[in-house]
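To start, the structure itself, in structure tokens.
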Amino acid sequence: MRNWGWALLLLLAACSKPLPKEKWDYVGEWRSSQMTLLILSDGIVAYKRLKKGGAVSINAPLRAFEGDDFEVGAWPFTTTFVVTEPPHVVDGHWQMVVDGVRLTKQGAISSI
């Protein structure tokens, strides 16, 4: 049964598309006290959010961008992450707001 897990992971990786160059600011590990969002340049997304005593997590390919928002998953199981503030620099740190949560990029200090 464990082989099915690896097969599914490989299938999801095969469905991912690299991020377009104009969205490279999204790449990285983003964190807040209740959310972690990892976006890789090859289009794989890992997400975990603590909410109301529980946790929600997703590990899936990034399907598409719609403006600043992005859709993750494989049909028919997809979810849209609503980005109200796209990646930008605040006091030398990259930040963005996803699903109402302000996230800070880890290990990235900008010279802007």
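Structure summary
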item	result
Filtered residue count, the range 35-54, keeping only those that are more than 18 Å from A74 (Cβ to Cβ) and touching a Lys or Arg at 6+ places or on another chain (Cβ under 6 Å)	2
Criterion: over 20 Å from K17 (Cβ atoms) and at pLDDT 95 or above - qualifying residue of L37, L103	L103
Cβ-Cβ under 7 Å pairs, at least 6 apart or on other chains, the range 71-83 side at pLDDT 95 or above, far side outside any strand (DSSP E or B) and of a type in the set (S, T, Y)	none
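The values are calculated or read from the model by the stated rules, or taken from the named source; none is laboratory data. Just so it is clear, the structure is predicted and the values come from calculations on it, not from any experiment. Neighbour counts run over all protein chains shown; Cβ positions are idealised from the backbone, glycine included.
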